[in-house]
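What follows is one structure encoded as structure tokens, with my remarks underneath.
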Amino acid sequence: MTSWMEISRERLAENYRVVSEAAGAETAVLAVVKANAYGHGLELCSVELARAGAKWLGVGTANEGARVRAALDVAGGVCESGPGILVMCGILREDVGEIVACGLTPVVWTAEQVGWLAGSGVRVHVEIETGMGRQGVRAGAAMDDLLDAMKAGGVEVDGVMTHFAAAEVGDQELTRAQEKRFEAAVAQVRGRGLRLGWVHAGSSSSVDNAAEGAEAGWLVELAKSVGARAMVRCGIALYGYCLPIAGGEVRGRVRGALEPVMTWKTRVIDVRDAVAGETFGYNAMFTAEHAMRVALLRVGYADGLRRELSSTNERGGGWVGVRGADGVVRRAEIVGRVSMNLTMVDVTGIEGVRVGDEVVLLGDGVTAEDHARLAGTIAYEILCGVRAGSIE
């Protein structure tokens with residue numbers, strides 16, 4: 001095992017509580033567990049979030065949904081009736097059998113999707129395209145055609161939803177425009193006399209970036225207009241992170257109370273001394289300027305440790321947490337290039353580092369945001385890219 005993850009169930013449950021409290025008593029929180037729970041372990045996180053009170057779990061595919069249903073069945077009694085499982089990223093014809101067998105709720109937006117589900121007894125959520133440009137049906141004639149197809153096929157609508165393109169941007173004109181388009185679509189559904197269980201929009205950023213109660217109040221009132229309940233879909237916040245707020249003067253409402261759930265670790269497989277002038281790694285891009293002690297770690301970019309964390313003498317890179325003989329975890333800088341399976345770190349001055357010692361790659365002073373900043377990306381990609389040998 002080259003590396004492993006340790007998942008804090010307590011932090012996951014607490015993050016869910018923090019987000020739910022911020023969303024408000026009248027707004028449910030769908031816990032997004034797609035993409036292997038953002039790299040944290042699909043089955044483990046689904047069960048823990050259900051225990052924390054999640055009434056809905058959001059997956060990307062029918063196969064993920066089937067895995068979640070199986071994990072919940074094995075766990076048994078995680079909540080009174082078991083959470084609903086929403087398949088958020090579309091379906092194919094071959095998914096229908098799994099959807100029916102596992103009691104999944106697919107998101108649909110085309111008559112073709114509805115046709116595959118005709119006569120199955122499956123209830124669906126309809127996604128409305130309001131400005132994301134990715135998936136969803138537009139209000140107006142296209143929406144009427146879809147609802148007609150659903151009526152003809154006996155497919156019942158349980159909810160309607162949309163997705164905001166820039167929820168992390170404060171005072172965003174695009175978000176306000178999307179809200180107006182969503183309102184029009186909900187009014188169209190109301191005009192058809194359909195009974196809905198859920199109206200949902202928004203994400204972790206929507207909860208974090210909303211003026212006190214304003215966003216939640218808008219969604220609650222919109223849901224009430226069709227006799228439904230409001231819901232937001234939160235993912236990254238559950239795992240301890242939020243996108244930075246861009247623009248505006250909006251205070252982050254939850255980010256300060258969130259704790260990263262994942263600790264990613266590896267082990268030292270060699271420790272050696274180097275003299276001034278020695279070079280390290282591919283292309284000899286780092287040269288020892290003085291006597292150094294270097295630890296070799298059994299992890300690299302094949303495991304998700306980004307190559308952009310490499311360093312030169314002129315440009316610093318990433319770092320890890322190494323525990324010395326005194327029990328204190330100290331920062332050890334990456335030396336030279338991160339390789340496919342191996343990485344070197346500077347442990348000069350950290351007494352007692354030995355082969356077999358645990359090393360922290362994420363957690364204890366090393367965050368996914370630290371890695372993302374150096375890699376020119378976002379914490380989502382860092383977390384989803386971790387390929388650990390096991391999850392504890």
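With a 10 Å radius around each residue's Cβ, average the other Cβ atoms per peptide and rank 218-228, 54-64, highest first.
Sorting 218-228, 54-64 by mean packing, highest first, produces 54-64, 218-228.
Calculate, in nm to one decimal, what Leu92 and Ala25 gain on full extension: separation in residues at 0.36 nm each, minus their alpha carbon distance.
20.6 nm
Could you give the accessible area per residue of the stretch 16-93, probe 1.4 Å, as a whole number in Å²?
Spelled out: the 1.4 Å probe surface of the stretch 16-93, per residue, equals 37 Å².
Which of the following values of Kirkwood radius over Cα pairs in Å was calculated from the structure shown: (i) 24.2; (ii) 22.8; (iii) 21.4?
(ii)
Students often forget the sequence filter, so: which lysines lie under 29 Å Cα-Cα from Lys265 once same-chain residues fewer than 8 apart are removed?
Answer for Lys265, where 29 Å is the Cα cut-off: Lys34, listed by chain and number.
Compute the distance from the alpha-carbon center of the stretch 113-127 to that of the stretch 31-63, in whole Å.
Computed from Cα coordinates, the inter-centre distance equals 22 Å.
Could you work out how far apart the two model spin labels at Asp270 and Arg354 are, taking each label as a point 7 Å from the Cα in the direction of the beta carbon, and quote it in nm?
2.0 nm
Mean residue ellipticity at 222 nm from the helices of the chain, using -39,500 (n - 2.57) per DSSP H segment of n ≥ 4 over the full residue count, to the nearest 500 deg cm²/dmol?
Value at 222 nm, helices only, nearest 500: -9500 deg cm²/dmol.
For Lys180, which lysines qualify as cross-link partners when the Cα separation must be under 23 Å and same-chain residues fewer than eight apart are set aside?
Correct list for Lys180: Lys224.
Given R₀ = 56 Å, what would the calculated FRET efficiency be for Arg51 paired with Arg315, taking r from the Cβ atoms and rounding to 0.05?
0.80
Per residue, how many Å² of accessible area does the stretch 119-223 show with a 1.4 Å probe?
Per residue, the stretch 119-223 has an accessible area of 42 Å².
Carbon and sulfur: what percent of the chain's accessible surface (1.4 Å probe)?
About 49 percent, which is the carbon plus sulfur part of the accessible surface.
How long is the stretch 1-102 along each principal axis, judged by its Cα atoms, biggest number first, in Å?
Here the spans come out as 44, 38, 25 Å, largest first.
The values are calculated or read from the model by the stated rules, or taken from the named source; none is laboratory data. On a predicted model such as this, the values are computed, not experimentally measured, just so you know. A quick note on method: Cβ atoms are made from the backbone with ideal geometry, for glycine too, and the neighbour counts reach across all protein chains shown. Side chains included, ligands, DNA and RNA excluded: accessible areas come from the protein's heavy atoms. Shrake-Rupley method; radii C 1.70, N 1.55, O 1.52, S 1.80 Å.
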